[in-house]
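**Student:** Sharing a structure here in structure tokens format.
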Amino acid sequence: MIIRYSAIVDLSHEIHPGIPVWPGDPEVRIRPVASVEPDGYALHELTIGEHSGTHFGAPSHFHAEGMQADAFGGDALVRAAVMIDVRGAVAGNPDYRLGRDDIGTWERTHGTIPPACVVLLCTGWSERWGEPGRYFNAGAGSPIGHYPGFAPDAARFLAEERGVAGLGIDTLGIDAGTDTGCEVNGYWLRDGRFHLENLTNLHLLPSVGVTLFIGVLKIAGGTGGPARVLALA
């Protein structure tokens, strides 16, 4: 494989106590257990949920018999990617969901989405990351919050008509906040497909010509894991 690029973009948030986490998930804790003085080395104990921070989701996250995170080989974690920028639509509607027709509009400009790639949805939501209240954007009509995501018809089209391997987004999840049944996740996380959530810096990517390196922790039996996601563009 020959990869040509002019920039490396880090799509990962920094992990520290106080980052937004899904209700009921473990809070992030970082506790020093050794220090250079007097122990001669430094070490921290880290407590974090599999799906906290920028993270990878495997099929077993939603399906008991689904593929687990440690079953994804290295070849599955280096992927071509495309970026769909919907910041304009989200600015006027925080409940915006990317639909099948929106994909058609994007493809008329940028070409057909290639198989086995990752589709990244840039909503601009990551600029709220440092303010958990704004990131969840709670309010009437949604017990979790109001934030954008993928619509079910878009997920089905990308899986069945384009053979896409992964969905990525810069919000809490690939389902919009108002989709409390997690229909997109339930459908998408099958047949070896995966998701990337809580990404950042997607606005720095071009629409096409991106290669992703997904550095997910190789947790035995994991349903996913925190990930350092880098884009070559």
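Laboratory data are not the source of any read-out in this text; all were calculated from the coordinates shown. These numbers come from a predicted model, not from an experiment. When we count neighbours, we look across all protein chains shown, and the Cβ atoms used for this are built from the backbone with ideal geometry, even at glycine.
**Student:** Just name one of Ala7, Ala138, Val118: the one whose Cα is farthest towards the positive end of the charge dipole of the chain (beta-carbon charges, Lys/Arg +1, Asp/Glu -1).
**Tutor:** Farthest towards the positive end: Ala7.
**Student:** Tell me which residues come under 5 Å, amide H to amide H, from His55 once H is placed; ignore anything under 5 positions away on its chain.
**Tutor:** Glu197, Ala227
**Student:** For region 1-51, which GluC sites (Glu not before Pro) are in a loop by DSSP, counting at most 16 other Cβ atoms within 10 Å? Mind dumping the intermediate values first?
**Tutor:** Numbers: sites: Glu14, Glu27, Glu45, Glu50; in loops: Glu14, Glu27, Glu50.
Filter output for region 1-51: Glu14, Glu27.
**Student:** What is the distance in Å between the Cα centres of region 135-190 and region 41-80?
**Tutor:** Cα centres, region 135-190 to region 41-80: 18 Å.
**Student:** Something else: Test of understanding: what is the full-extension gain from Ile2 to Val78, defined as 0.36 nm times their sequence separation minus their Cα-Cα distance? Can you show the working numbers first?
**Tutor:** On the way: separation 76, 0.36 × 76 = 27.36 nm, distance 1.23 nm.
This chain segment gains 26.1 nm when fully extended.
**Student:** For region 125-219, which GluC sites (Glu not before Pro) are both in a DSSP coil and crowded by at most 14 other Cβ atoms within 10 Å?
**Tutor:** Numbers: sites: Glu127, Glu160, Glu161, Glu183, Glu197; in loops: Glu161.
Sparse-neighbourhood loop GluC sites (Glu not before Pro): Glu161.
**Student:** Could you calculate, for region 91-182, the ratio of the Cα radius of gyration to the Kirkwood radius, expressed as Rg to Rh?
**Tutor:** Numbers: Rg = 13.7 Å, Rh = 13.8 Å.
Ratio of gyration radius to Kirkwood radius for region 91-182: 0.99.
**Student:** Moving on. Short version: ³J(HN,Hα) in whole Hz for each residue of region 196-203, in order, from phi by Karplus 6.51 cos²θ - 1.76 cosθ + 1.60 (θ = phi - 60°), x for Gly and Pro, what are they?
**Tutor:** Using θ = phi - 60°, the values come out as 10, 10, 6, 7, 8, 6, 5, 5 Hz.
**Student:** Report the residues of region 148-173 in range of a label on Arg190: point 7 Å along Cα→C-beta, backbone N strictly under 11 Å from it.
**Tutor:** From region 148-173, the list is 156, 160.
**Student:** A further question follows. Report the charge-dipole magnitude of region 1-160 in Debye, nearest 20, computed about the Cα centre from +1 at each Lys and Arg Cβ and -1 at each Asp and Glu Cβ.
**Tutor:** Working: 11 positive and 20 negative charges, 96 e Å.
Here region 1-160 has a charge dipole of around 460 debye.
**Student:** Identify, among Ile169, Phe213, Asn198, the residue whose Cα sits farthest towards the positive end of the charge dipole of region 134-233, taking +1 on the Cβ of Lys and Arg and -1 on the Cβ of Asp and Glu, with the dipole about the Cα centre.
**Tutor:** Phe213
**Student:** How much length is gained on full extension from Asn93 to Ala138, taking 0.36 nm per residue of separation minus their Cα-Cα distance?
**Tutor:** Result for the pair: 14.8 nm of gain on full extension.
**Student:** Pairs of Cα atoms under 8 Å, at least six residues apart: use those to get the relative contact order of the chain, whole percent.
**Tutor:** Numbers: 534 pairs, mean separation 74.6, N = 233.
Relative contact order, the chain: 32 percent.
**Student:** According to the Cα gyration tensor, what semi-axes, each the square root of 5 times an eigenvalue, does the equivalent ellipsoid of the chain have, listed from largest to smallest in whole Å?
**Tutor:** 28, 21, 18
**Student:** Considering only DSSP beta bridges where both residues belong to the chain, give the percentage that are antiparallel (nearest 5). Can you show the working numbers first?
**Tutor:** Numbers: 25 of 40 bridges.
Just about 60 percent of them are antiparallel.
**Student:** Is there a quick way to get the dipole size of region 97-211? I mean about its Cα centre, with the Cβ of Lys and Arg at +1 and of Asp and Glu at -1; what is the value in debye to the nearest 20?
**Tutor:** Details: 9 positive and 14 negative charges, 18 e Å.
That gives region 97-211 a dipole magnitude of about 80 debye.
**Student:** Using only Cα atoms, find the angle between the long axis of helix 100-110 and the longest principal axis of the chain, and express it within 0 to 90 degrees, rounded to the nearest 10.
**Tutor:** The two axes meet at around 90 degrees.
**Student:** Something else now. Counting other beta carbons within 10 Å of each Cβ, put His44, His13 in order, fewest first. Could the numbers behind the result be given before it?
**Tutor:** On the way: His44 11, His13 22.
Going from sparsest to densest Cβ surroundings: His44, His13.
**Student:** Please give the calculated 222 nm ellipticity per residue for the chain, where each DSSP H segment of at least 4 residues contributes -39500 (n - 2.57) and the sum is spread over every residue; nearest 500 deg cm²/dmol?
**Tutor:** Working: 6 runs with 41 residues, N = 233.
Mean residue ellipticity, 222 nm, calculated: -4500 deg cm²/dmol.
**Student:** Quick one: which residues, 5+ away or cross-chain, put their amide H under 5 Å from the amide H of Tyr147? H built at 1.01 Å from N.
**Tutor:** Gly177, Thr178
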